[in-house]
Amino acid sequence: MNDVCERTSVVGGRVILAYILLPHRNAFENGGGLYMTSVCCMILTYNRKELLSQCLTAVASQTHPCDRIIVVNNASVDDTEEFLEREWGDRVEILTLSRNIGAAGGYAMGIRAGYQSGAELLWVMDDDVIPDAEALEKLMDARRFLQAQQEPFPYLCSVIRTSNGLMTNTTGIDLRFNEIWDYNWPKYLDRSIVPINRATFCATLLPRETLRDYGTLISEMFIWGDDVEYTLRASKAAPGYLVGESKALHLRKIEGDLSIFNETDPVRIGYHYFRVRNGLFIARTFHSRQEFFAEVRLNLKRTLHLLAKGQLHKAQIMARGIWAGLFYAPKPQSADKPFGKDDPVDFEAFNARYRERRLKYVKSVSSPSFNDNVRERVARPL
């Protein structure tokens with residue numbers, strides 16, 4: 001996996017010599033210059049090293065290999081970091097946070113780290129997502145096809161199933177009209193590519209332009225709905241796409257509906273505050289007024305049902321979430337926001353540790369466009 005291969009190319013009358021750390025197929029000629037489209041996989045983990053091991057094995061086995069793998073360790077209290085250093089230390093970049101800041105905060109940190117260390121494409125997922133061997137290759141094939149069609153896209157995502165074959169993390173079909181005022185979504189159905197307006201971060205591919213234009217997930221959302229909000233926001237100008245031939249499993253800890261009625265874990269019961277608050281924020285921001293009030297009524301009905309069953313603590317959590325969701329208005333964060341003392345990570349140390357490894361990806365003796373576009377990003381001084 002770490003073998004260095006040599007590639008020569010004649011571009012604009014010059015001979016380009018590049019040394020590539022992984023057996024890339026993502027080097028291509030474009031408009032008179034040689035460009036690298038680097039794929040950085042970012043995995044968010046917390047106290048699940050067994051699942052993380054499966055996820056990493058699947059990512060490392062992709063037919064289209066990743067150039068980099070960043071594992072965001074969201075302050076795990078088991079020996080996740082030791083496991084990563086021991087088993088994967090020469091193949092992954094470990095970004096360990098000093099405190100757990102929720103899934104939204106962890107993804108925000110990972111996006112900023114990936115963006116500021118030069119990632120061209122960020123492939124994001126939880127540690128319980130197991131992509132098929134061809135999942136990334138199919139996403140990259142779809143990317144090339146959509147680029148050839150001059151279709152802008154903020155993200156591409158895979159079809160997700162549970163371990164027993166049920167559909168999960170289902171995306172929302174984009175219902176924009178075409179020039180003759182008919183639905184446009186079947187346009188690329190023969191290629192198993194469907195436009196969507198929302199997704200979750202289960203093997204989702206984010207171009208650098210999306211990170212530049214839409215920043216990171218909203219850290220304050222903490223958990224539940226943060227990735228849906230991000231993809232809804234990013235889909236305003238153009239839809240994302242579901243790639244039918246790209247597939248992954250989501251090995252969720254709890255199968256079935258994430259219902260507060262069935263929840264017994266005290267910590268996860270408390271998380272339902274965020275689920276209600278964030279859901280109302282999303283409905284108020286992206287949906288119609290009628291849909292927003294329907295969401296309020298549904299949550300009020302659930303709260304009353306919990307009261308009727310004598311589950312006062314759960315009812316209080318629901319009520320607090322409803323009240324907060326009426327006014328909650330967080331702001332997104334820029335992907336290039338400098339890391340500072342308030343962030344739970346030493347980005348300078350992280351970047352310094354892995355900068356030399358990134359430099360091995362590409363060594364160029366010519367072509368300023370190639371050198372400036374790629375090498376400067378992976379070796380950018382702090």
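In whole Hz, what ³J(HN,Hα) sequence does the range 97-104 give by Karplus (6.51, -1.76, 1.60; θ = phi - 60°), x for Gly and Pro?
Calculated HN-Hα couplings, in order: 8, 7, 8, 7, 10, x, 4, 5 Hz.
Among DSSP beta bridges lying fully in the range 39-255, give the percent that are antiparallel, nearest 5.
Of all bridge pairs located within the range 39-255, approximately 45 percent are antiparallel.
What residues of the range 79-101 lie in the reach of a label at A60, counting those whose backbone N is under 14 Å from a point 7 Å from the Cα along Cα→Cβ?
83-94
Among the listed pairs K49/K236; K187/K236; K187/K247; K138/K337, which have their C-alpha atoms separated by more than 25 angstrom in this model?
Those over the limit are K49/K236; K138/K337.
Direction-averaged shadow area of the convex hull around the Cα atoms of the range 266-325, nm²?
The Cα convex hull of the range 266-325, projected and averaged over all directions, gives 3.6 nm².
What is the dipole size for the range 266-325, taken about its Cα centre, with +1 at each Lys and Arg Cβ and -1 at each Asp and Glu Cβ, in debye to the nearest 20?
Here the range 266-325 has a charge dipole of around 120 debye.
Tell me the label-point distance for the pair R252, D213, using the 7 Å Cα-to-Cβ offset, in nm and rounded to one decimal.
3.1 nm
Here, each number is a calculation from the coordinates, and none is a lab measurement. Just so we're clear, the structure is a prediction, and the values are computed from it rather than from any experiment. All Cβ positions, even for glycine, are placed from backbone atoms using ideal geometry, and neighbour counts span all protein chains on display.
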